[in-house]
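Asks: Have a look at this one before I ask anything.
The values are calculated or read from the model by the stated rules, or taken from the named source; none is laboratory data. Remember, predicted model here, so these are calculated numbers, not experimental data. As a convention, Cβ positions derive from the backbone with ideal geometry for all residues, glycine included, and neighbour counts pool all protein chains shown. Areas reflect the complete protein model, heavy atoms only, side chains present, ligands, DNA and RNA absent. Shrake-Rupley method; radii C 1.70, N 1.55, O 1.52, S 1.80 Å.
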Amino acid sequence: IIDSEILFFDHFSLRHFKMAARVASHRFAQAATRAWSFGSRNPGPVLASQARGMAAQAEPSIDASDVSDFVLEKKGIRVRGTPMYLDMQATTPVDPRVTDAMIPYFTELYGNPHSRTHFLGWEAEDAVEKARAQVAGLIGADPKEIVFTSGATESNNLAIKGVAGFYRDRKRHIVTTQTEHKCVLDSSRYLQNRGFEVTYLPVGPSGLVSVQALADALRPDTALVSVMAVNNEIGTVQPLAEIGALCRQRKVFFHTDAAQAVGKLPLDVDAMKIDLLSISGHKLYGPKGVGALYVRRRPRVRLEAQISGGGQERGLRSGTLPTPLIVGLGKACEIAGEEMEADSRHIQGLARRLYDGITSQLAVCVCVFWGGGMMVRRKARNSLRAVACGACRWLSMHDRKEVVRHGMGGKAPGSSSCYFSLLPQALPQAALCSASRWLGRARAPRRVQATLCHALNSPTAQPAPTARTHPPTHPQPRRAWC
C-alpha cells in the first residue's frame, strides 16, 4: 500500500498508516461492488479501470439481451432490465473522492471540532475550516460568511425566518415567487400567520420572473426577496444578477435557494449582489444531511437564530458540527469547481443522446425542451417533457394514469411527501408527464444506450440522424463509478 499520508513522520505516523490502509481497502471494495452492481458479463476490465480511478477506454456494445435478464421487484412493482436513475435534481450519488476524504473523520480523526484543548479537537477544527474555505471558494465568498447547516431546507428557513425575525419591528413584508421550493413557501406561510405580508409573484410561460414585476412589488417595508436560482422541477435559470442589482438599489436583502445551481453554474455572490444563498450537499455529489448558508458580512445581514444552544457558527446555528459530512461537502465543492465545465459538456452529450434516442424511435412522442424558452436560458441538465402519452410506456414503473397524476402535481421531485405542486397552476401549458429527469456526472453513455435498448425493445436503438444543428460536444472520458 502506497499512500501519501504514510509519509507523516510525527507522533501520528502509526495512526496515519492505519488510516491509509483502511482508505486503500475501502477504495478496492468500492470498485468491486460497483463492478458487480453494473451486472457486466465481463467485470474484470471494468474493475481494473475503476480501481485505478480511470474511465474505461472503450464502451462495450449493448444489445437487448444484456439488459433484459435482470429483474427487479420492489413494493409490488416488477421491472425487467437494469434500472437507470434519471432524477439527479432530487439527489446525486456521493463521489468516491468525497467518500475517501470523509472516511478518516468517522474512525480515526473523530474529535469534536469545538473541543479546543487537545489534538483531536484541533484536527477536526482545521478540517471544518478547510471545508468552509472550499465552500466559499465555489461561490466567491469569504470563509467567515459560510454557516454550516443540515441542508438547504434548514438554510432557507434560517434565511427567511431569521431576516424577518430580526427586522420585524421595522419591516414586515417579504417577496417571493409562486414556483419556489416547498420549504420557502411554507416558511413564507409561517410568517404570514404571524402578521407578515408576503407577495407571491407569478412567473412567465418559461418560468422566469419579471424583474419589472418584482420592482413594482417592492415597498419601503420590504425586508427580503427570495427567488430560487434554478427551479428544481423545470430547470429555469432566474436572472440573479438583475434581481440582485435591483434589491441592492432598493436596500432590500436578496436570498436565493441555489441548491440546484451550486456546482453546476458559475456563481459569484459579490458580482450578483446576493446577500443570502442556500447550499445542499447531496445535490452536488456530496453527502446527505449537510448544507450551508452564505450570509453576507458587508453590508451586514443580521439574522435571528432559529436554534438555541451552544452558540456555534457565530451564534446563528447552535449544535455540534458533523465533521465528516462537512469535510465531504467541502471536497464536493472543490471537485465541482474544478470539473464544472467538463461536467456540463458530458451531461449535455448524454441528454442529447437520450433525447435523440427517444424521438427517433417513438413516432407518437413529441418531446420539447422546456423551462427557459431557449437552451441558453437552461442549465445543462435538460428536462424532457412528453406531450403525448406514447412516452408513458417508456416510464415502466407506473401506468399511464399514475404517470399523468404525478406529472401534474402529485409527488414533487426531491420530496418524501406528496403535495400539490404549484407549477401546473403557474405554468398552465406545462406538459402532461415527464419523460426523463436530469442526468448527472456519474452516468456513462453505455447506460443511456442500455436504457434506450430496453425501453424501445430494440437491439439496435441508435439515434437516427436528425436535421437539428446542435453544437458539437466532445465529452471527456468519465470514471465509470456509478
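Asks: Among the residues of region 174-194 satisfying the criterion of being touching a residue at least 24 places away in the same chain (Cβ under 8 Å) and assigned to a loop (DSSP other than H, G, I, E, B), which is nearest to the chain's Cα centre (by Cα)?
Replies: Looking at the filtered set, the residue picked out is 181.
Asks: Here is a further query. Tell me, yes or no, whether region 279-294 has at least one residue that is modelled with pLDDT of 90 or more, of a type in the set (D, E, K, R), in contact with an Asp or Glu (Cβ under 9 Å, 6 or more places away or on another chain) and over 20 Å from residue 165 (Cα atoms).
Replies: no
Asks: Report, ordered by the first and then the second residue, all pairs with beta carbons closer than 6 Å, sequence separation of six or more or different chains, a first member in region 329-352 that is open to solvent by 10 Å² or more (accessible area, probe 1.4 Å), and a second member that is at pLDDT 95 or above.
Replies: That search, which allows pairs on different chains as well, returns 331/98; 331/101; 334/134; 337/138.
Asks: Touching a Lys or Arg at 6+ places or on another chain (Cβ under 7 Å) and among the basic types (Lys, Arg): which single residue out of 194, 219, 297 fits that description?
Replies: On inspection, the qualifying residue turns out to be 297.
Asks: Do any strands (runs of 3 or more DSSP E) entirely within region 249-322 hold 1 or more residues that are charged (D, E, K, R) and buried (at least 24 other Cβ atoms within 10 Å of the Cβ), and if so, which?
Replies: Strands (runs of 3 or more DSSP E) meeting the threshold: 253-257.
Asks: Sort out which residues of region 227-248 are open to solvent by 10 Å² or more (accessible area, probe 1.4 Å) and not in a loop (DSSP other than H, G, I, E, B), and write them in order of number.
Replies: Once the filter is applied, which keeps residues that are open to solvent by 10 Å² or more (accessible area, probe 1.4 Å) and not in a loop (DSSP other than H, G, I, E, B), region 227-248 yields 237, 240, 241, 242, 245, 246, 248.
Asks: Let me ask you something else. Considering only residues of region 264-316 that are of a type in the set (S, T, N, Q) and touching a residue at least 24 places away in the same chain (Cβ under 8 Å), which is nearest to residue 92 (Cα to Cα)?
Replies: 280
Asks: Regarding region 213-224, can at least one residue be identified that is among the charged types (D, E, K, R) and surrounded by 19 or more Cβ atoms within 10 Å (Cβ to Cβ)?
Replies: No, because not a single residue in region 213-224 is among the charged types (D, E, K, R) and surrounded by 19 or more Cβ atoms within 10 Å (Cβ to Cβ).
Asks: For a quick check of your reading: which helices (runs of 4 or more DSSP H) sit entirely within region 65-172 and have at least 2 residues that are touching a strand residue (DSSP E or B) at 6+ places or on another chain (Cβ under 8 Å)?
Replies: 119-139, 152-166
Asks: While we're on this one: Checking the conditions here, which among 169, 142 is among the acidic types (Asp, Glu), open to solvent by 50 Å² or more (accessible area, probe 1.4 Å) and without any contact (Cβ under 8 Å) to a residue 12 or more places away in the chain?
Replies: 169
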